[in-house]
1. Would you work out the charge dipole size for the protein assembly as shown about its Cα centre, treating the Cβ of every Lys and Arg as +1 and the Cβ of every Asp and Glu as -1, and quote it to the nearest 20 debye?
2. Quick one: of A:LYS199/B:LYS172; A:LYS121/A:LYS350; A:LYS350/B:LYS80; A:LYS233/A:LYS265; A:LYS121/A:LYS342, which pairs are farther than 26 Å apart, Cα to Cα?
3. For the protein assembly as shown, what Kirkwood radius comes out of the mean inverse Cα-Cα distance, in Å?
4. Quick one: angle between helix B:148-158 and the longest Cα principal axis of chain B, in degrees between 0 and 90, rounded to 10, please.
5. Would you kindly derive the ³J(HN,Hα) couplings of region A:350-355 from the backbone phi angles with the Karplus curve 6.51 cos²θ - 1.76 cosθ + 1.60 (θ = phi - 60°), listing them in order in whole Hz, with x for Gly and Pro?
6. Name the long-range amide H neighbours of A:ARG424: under 5 Å, sequence gap of 5 or more, or other chain; modelled H, no Pro or chain starts.
7. Mind checking which of A:SER70, B:ASN160, A:GLN252 is farthest towards the positive end of the protein assembly as shown's charge dipole, using Cβ charges of +1 (Lys, Arg) and -1 (Asp, Glu) about the Cα centre?
8. Computed on alpha carbon atoms, what radius of gyration and Dmax characterise region A:317-451, expressed in Å?
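Nothing in this text is a laboratory measurement; each read-out follows from the coordinates by a stated rule. From a predicted model like this one, the values you see are computed outputs, not experimental measurements. So basically every Cβ, Gly included, is an ideal-geometry build from the backbone, and we count neighbours across all protein chains shown.
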Amino acid sequence: MTSANPIPPPRPLRRAGALLIALAAGATLALSGCAVAEDGPVAAAAPTHLSGTVQLWHHYNGREAKVIASIVDDFEQRHPDVRVRVHAGQQDTKITQVVSSGGDVDVMLTNVNATLGTACKTMSDLAPYMRRDGVPDDAFQGIFAQATAFEGRRCSLPTTSDVYGLYYNTRLLAEAGYTTPPRTLRELEDMALKLTTYKSDGSIGTLGFNPLIGFQQNTSATLGGTAGVTWTKDGDSAVADSPQWAELIAWQHDFVRKIGYDKLKTFTAGLGDEWSANNPFQNGRVAMTLDGEWRVAFIEEQAPRLEYGTAPFPVLAGSGQEYGGGFVSAADIGVAKRSGNKEAAWALVKYMTTDTDAAVKLANGLKNIPTLKSAVASPALQASPQYRTFIEASAHPAGNTSPVTEIGSTLTATMDDFWTDYQRGSGGNLKRRLEKVDTDIDNALGLRRAK
Amino acid sequence: MPDANPIATVPRARAAAHHTPNTPEAHPKRAGRRRTLRSRLSIGSMVILPLIGLVAFFLYPLCANLYYSFTNYDLVGSPKWIGLRNYDYLFTQDPRVGGAARNTLWFVVILVPVRMASSLGIALLLTRRKRAAGFWRTLFYLPALVPPVASVVGFVFLFNPGTGPINTLLRKFGIDGPLWFNDPSLSKPSLLLLGVWMMGDVMVIFLAALLDVPKDQYEAAELDGASARQKFRFITLPNISPVLLFSAVTGVIAALQYFTEAAVASSVANGKTGIDAGPDRLLGYPNDSLLTYTQWMYVQGFNSFQLGYAAAMAVVLFVVAAAVIAVLLRRAGMFQQKGA
């Protein structure tokens with residue numbers, strides 16, 4: 001005889017099991033009640049003497065971490081009774097987890113576009129400190145001052161920024177008869193097609209410009225920044241209502257078809273890693289590329305003989321986007337609400353963001369663009385002609401960034417995902433598919449705002 | 001000889017205490033109680049630590065995960081109860097979870113059986129190999145010793161459409177090689193090749209099971225005129241079925257949690273091995289064809305800070321995994337108690 005039923009556990013064991021589950025459930029409810037701290041009162045006058053320990057968390061590693069450490073040393077020399085403990089190499093998610101679990105974080109340095117929408121509520125409102133200590137909002141480049149506040153709260157200040165532009169190989173352009181870089185996307189396409197060479201088997205030898213979304217820094221955010229696109233309206237996604245998006249995507253799709261999607265994919269797959277010395281722009285396999293200001297430092301170190309120039313990225317003609325600016329992003333720094341030493345923490349933030357010498361030292365060390373106006377104008381800022389392009393672009397009124405929202409990078413990732421898929425296919429139904437992107441982004445925002 | 005087992009001494013002590021006068025000189029009853037208490041404390045101390053571990057590292061996370069799955073929780077604020085909203089988003093609105101689930105299902109349905117079949121095939125061949133058996137066994141097992149990340153990196157370079165040796169060789173024969181890891185329709189089969197190459201861990205278990213099948217059963221079958229196919233069907237398979245079941249269960253669980261190989265393949269094939277690219281840009285390349293369920297869960301939880309939603313995804317994965325394993329075990333008759 002067989003029995004399909006397992007032998008039931010004895011009663012005491014069942015009782016013990018129920019007790020354990022009840023214990024776990026009780027612990028869940030007890031531990032799930034953590035709440036965001038409130039902003040505390042700010043002293044009417046800044047303290048004349050600071051002391052204690054400040055915990056600084058940031059994402060920089062290796063050489064860049066040493067630059068931060070050097071700035072911290074300078075701060076400690078100014079305030080001998082303040083000790084700054086630096087936690088380097090901590091990604092935004094890790095810092096957010098530490099903050100949420102009540103860990104020792106006084107000052108946190110994160111990425112604006114990806115994290116601020118979530119992290120802002122854990123950071124102190126800096127506006128009262130700024131008013132008290134006479135730090136004006138317009139000390140910073142406009143776009144950065146705007147992007148480092150979220151929903152009206154000044155929860156952080158910008159440190160350094162990444163500015164995107166066009167890198168072009170002057171030798172290859174000269175060989176093709178060009179003396180100046182393109183200013184519109186059509187000009188970019190024409191020049192790129194002329195600069196592209198093919199091998200005897202039909203595969204690409206040298207590529208003028210790689211139009212594939214997903215290639216290195218080609219994203220919806222960076223390319224969208226050259227076309228005056230609209231991301232959101234009244235807090236909801238509005239990409240389908242922006243004619244610039246449709247025109248930009250149609251242009252890119254057409255450009256890809258002129259070379260061939262498969263040829264581009266094969267060529268791209270055979271290229272070296274973006275961050276290695278085999279970077280395809282550095283080794284001359286790609287004549288023009290969209291990249292950030294950091295590439296200047298990479299070229300200086302990895303390909304010092306490369307003959308190249310930089311320029312603002314071309315714009316979509318007729319889109320309303322002015323030539324000279326482009327997409328920018330920034331690192332932001334703020335004081336954790338739960339900090340036990342807010343005055344010293346604010347002093348460190350203020351020093352790193354508003355002291356001209358510190359901002360210049362930070363920018364020179366990190367090879368990023370300063371966000372502080374006085375640092376940009378400082379003669380101590382080391383700037384080669386190629387690097388100067390990005391400094392000017394950062395101050396240009398046409399500079400733009402993707403909106404900071406509660407869903408962080410999901411906003412641009414949803415668009416990237418659609419665009420990557422769209423560039424593969426035969427096109428068509430663009431309006432309908434952009435409406436689907438709007439729906440997907442709105443659904444993600446809706447989930448995040450659910451009450 | 002004194003009894004070393006304290007539990008065994010308890011009834012004897014009780015019996016002795018029943019007949020002994022209650023004098024201060026002899027307290028066998030009290031001594032017995034003390035021994036019982038000591039024995040219970042000793043057992044309790046052995047049980048309590050595993051129990052604490054069970055509650056802290058299994059039951060609490062399980063209950064917490066279930067609770068968070070009904071909340072809007074972004075890691076930094078208090079979780080807000082939103083009922084079934086996360087599940088509604090998961091089943092009706094999330095644009096990428098369907099593709100991620102289908103990719104994961106592909107690995108469960110294709111990768112696991114193909115790996116098992118190829119492992120069994122190689123193990124069967126190795127049992128017949130008499131000369132240099134050790135060498136061949138080692139040779140087929142070796143790839144399993146290579147760290148998975150290194151294997152994936154090696155495979156992606158091997159199959160690089162532009163510079164990889166496979167396509168270079170194909171071009172010499174006038175064949176335009178495919179894009180392999182850069183083609184959404186071939187990226188999963190390319191990982192399947194890797195999975196088969198690394199099948200040494202499963203193969204070695206099958207080999208041990210095959211070598212354990214009693215030889216006399218084969219001899220008896222031969223005397224009865226059984227064919228090779230019949231011997232495999234009626235002797236080999238029943239004998240190694242527990243090992244097959246074990247392999248299927250662990251393989252399905254691993255496939256449902258498939259993460260590392262697909263993530264590394266995506267980032268290496270994409271040419272973006274790090275620095276600024278967040279997981280939402282790295283994972284899934286090309287065209288989300290390598291985005292798995294657990295990767296998407298990770299992105300939602302720790303990149304998009306949708307912890308409540310990631311918890312709901314985890315609950316669904318837990319239920320699916322439990323259901324698949326239950327079906328596997330039931331079909332294998334593991335719940336049936338052998339009776340008379």
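1. So the dipole magnitude of the protein assembly as shown works out to roughly 3980 debye.
2. Over 26 Å apart, Cα to Cα: A:LYS350/B:LYS80; A:LYS233/A:LYS265.
3. 30.7
4. Taking Cα atoms only, the helix is inclined about 10 degrees.
5. Taking θ as phi minus 60°, the curve returns 5, 5, 6, 9, 10, 7 Hz for region A:350-355.
6. Result for A:ARG424 returns nothing.
7. Most positive-ward Cα: B:ASN160.
8. Cα radius of gyration and Dmax of region A:317-451 are 20.1, 59 Å respectively.
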